[in-house]
Ligand code: GLC
């Protein structure tokens, strides 16, 4: 698995926050986001309306019909603000505008209103931890030690290069006899401290050096960022995905992070981010932010990028009084790999999610990690396994988050030559870390030129060569395609009340190969999934009596009417409910 989960998980494991279980929230009416299907869009790669090889906002608007037909309730658009694009938008130079390569504010307003007409909510990505080094705030801050923005970022004088306790790692970064004040590392490699001659000081950057961390201990920074949030709420956006939210604060005493054995893919010592991540102060900010967001009508929602190792850690992000994030991401079921592809592993992960006090948000894919079809694949049955994954995502009691391309089975196209890499960590970490380009390739719409993504001869990343088979148009015409399986499950999720919010009862719990659960309701729905490559019997005790199939990946189960003698074919998913009682003869 890629660096992302690993580093962020290591940090979260050692958090010191405390939390208490809240009582059940009394919800007279369900907010729209409960049980909703969210769809992440990477704007560079979704639709290119102007033929420059890079996706744009109008390209998203053009494809909203597809999303509506798929049954998506909300889209989350990764950053489309003006940016030097060092981290492809996660380095923001202006929080209240649109990057010209993606369009204009008028394009954004049209995207928003068209989405709303189609009953699709729109969420933006809010990057609160850092700005671009080209943001006017940082340019001003870096100019001198006594300007009005001097304290907007995390500055430090550094320490003498030969001071006691200075590590060899710090000594790699000497400037005028000074080295960084501690051993903190950037997630993207190297020291997290960058020297600025004009101030004769270092600034802190958890991510790229072009992404300086804001100083959230300065209340004026919070005011400025909250103003940016309001700007978009006032325009009508329905919520935000909060980027890297656990990293807003650092230890003011700058203690060294504890060192672990070995080195990471960038060749740096492994650390546990005990003092540079997951500090309790972030929860105070989130409570104030939630109160502000909630002052707007329409159940606006806050999603968090929260990689946590346990549900106890995840629970903290909801807030003690359910007053922080409504939907921190539960990455536990979704960010495993082939070794985890078993009924026992998923049963355990889903049982954990069901312990959450609050609405779980399940996610398998995003723009930072190898696509799940590859991670959970065995090279032979990847598509069949992807159908099982789709069933886990879409039939569990939870809100669900998918990523563009996942419903058609787009695969990870990792560059094979260093010269082709666009993501900077793939250049600095090559060949161990090849970066995140592979999961960001252009959306595959048709079997035609550039997969229907763009009319340009060259696109910002090449289209995956498998597009003639893996694309929306072709898959819509194939009844048993992955896309049609997604469509079927999404439609069922809406039409079957038990699949909305019915509690999950896990059945046949000792079975390592078959996962079975029943979603409770007046008409309970049972889901059975075979995680093995051999047929598996189902116990008739799971559903005594007659059943009727709602959906199945196996044609032979389409007309099964009871569990007697049923064998679940390899990797089959079967969704069924008790058969309606046949009408008595003679009744109208
Ligand atoms: C988040 C984003 C990732 C980005 C990083 C820094 O983890 O998902 O793409 O590089 O934050 O903003």
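Counting other beta carbons within 10 Å of each residue's own, what order do 385, 272 fall into, fewest first?
272, 385
Assuming 1.567 mPa s and 4 °C, estimate D for the range 476-538 with Stokes-Einstein, Rh taken as the Kirkwood radius over Cα pairs, in µm²/s.
Once the numbers are plugged in, D ends up at 98 µm²/s.
To the nearest whole percent, what portion of all C-alpha pairs in the chain is separated by more than 49 angstrom?
When every Cα pair of the chain is considered, 11 percent fall beyond 49 Å.
With each pseudo-label sitting 7 Å past Cα toward Cβ, what's the residue 105-residue 139 distance in nm, one decimal?
Once both label points are built, they end up 1.9 nm from each other.
Binning every alpha carbon pair distance of the range 274-331 at 10 Å from zero, what are the percents per bin?
All Cα pairs, binned at 10 Å, distribute as 22, 55, 21, 2 percent.
Along the Cα-to-Cβ line of residue 253, 7 Å from the Cα, sits a label point; which residues in the range 264-281 have backbone N less than 14 Å from it?
Output list for this probe position: 275-276.
Taking 0.36 nm per residue of separation and subtracting the Cα-Cα distance, what length does fully extending residue 176 through residue 337 add?
53.3 nm
To the nearest 10 degrees, how steep is helix 382-395 against the longest Cα principal axis of the chain, on a 0 to 90 scale?
That works out to roughly 90 degrees.
Name all residues of the range 104-118 having a backbone nitrogen under 19 Å from the label point set 7 Å from the Cα of residue 66 along its Cα→Cβ direction, giving them as ranges.
Residues passing the 19 Å test: 111-112, 114-116, 118.
Within the range 385-412, name every residue whose backbone N is under 17 Å away from a label modeled 7 Å from Cα of residue 478 along the Cβ vector.
Correct set: 385-390, 405-412.
With everything on Cα atoms, drop me the angle between helix 3-12 and the longest principal axis of the chain, reported from 0 to 90° to the nearest 10.
It is inclined by approximately 80 degrees.
Using the 2.2 N^0.38 Å rule of thumb for compact globular proteins, work out how the range 162-254 stacks up: its C-alpha Rg over that value, please.
Its radius of gyration relative to the 2.2 N^0.38 Å reference: 1.34.
Give the angle, between 0 and 90 degrees and rounded to the nearest 10, that separates the Cα long axis of helix 343-353 from the longest principal axis of the Cα atoms of the chain.
On a 0 to 90 degree scale, this one is about 60.
Please work out, to two decimal places, the log10 of the ratio I(q)/I(0) at q = 0.13, 0.18 Å⁻¹ from a Debye calculation in which every Cα of the range 18-127 carries one identical scatterer.
Values, matching the q order: -0.55, -0.88.
Could you work out the Kirkwood radius for the range 317-372, taking every pair of different alpha carbons, averaging 1/r and inverting it, reported in Å?
This gives a value of 12.4 Å.
Just to be sure I understand the curve: with the Debye formula and one point per C-alpha of the range 414-491, what is log10 I(q)/I(0) at q = 0.14, 0.21, 0.24 Å⁻¹?
Debye intensities relative to I(0), on a log10 scale: -0.57, -0.90, -1.00.
What's the FRET efficiency of residue 52 with residue 419 using the Cβ-Cβ distance as r and R₀ = 22 Å, to the nearest 0.05?
Values: r = 22 Å, r/R0 = 0.99.
E(calc), rounded to 0.05, equals 0.50.
Any chance you could check the Cα centroid distance between the range 119-157 and the range 34-49 for me, in angstrom?
26 Å
Per Stokes-Einstein, at 20 °C and 1.002 mPa s, what whole-number D in µm² s⁻¹ belongs to the range 322-469, with the Kirkwood radius over Cα pairs as the hydrodynamic radius?
Diffusion coefficient, whole number: 128 µm²/s.
Work the Kirkwood hydrodynamic radius out for the range 229-385: mean of 1/r over every pair of different alpha-carbon atoms, inverted, in Å.
Every distinct Cα pair counted, the radius reaches 17.8 Å.
Return the Rg/Rh value of the range 433-588, two decimal places, where both radii are evaluated on C-alpha atoms and Rh is the Kirkwood radius.
Rg/Rh: 1.11.
Return the whole-Å distance between the Cα centroid of the range 220-245 and the Cα centroid of the range 158-191.
Cα centroid of the range 220-245 versus Cα centroid of the range 158-191: 34 Å apart.
Defining a contact as two alpha carbons under 8 Å apart and six or more residues distant in sequence, what relative contact order in percent does the range 225-309 show?
41 percent
Can you list, bin by bin at 10 Å, the percent of alpha carbon pairs in the range 411-457, starting at 0?
Calculated P(r), rounded to whole percents: 27, 41, 26, 5.
A short reminder: the numbers here are calculations on the coordinates, not readings from a lab. Everything numeric in this text was worked out from a predicted model, so none of it was measured. Cβ sites come from the backbone with ideal geometry, for glycine too, and all protein chains shown count toward neighbours.
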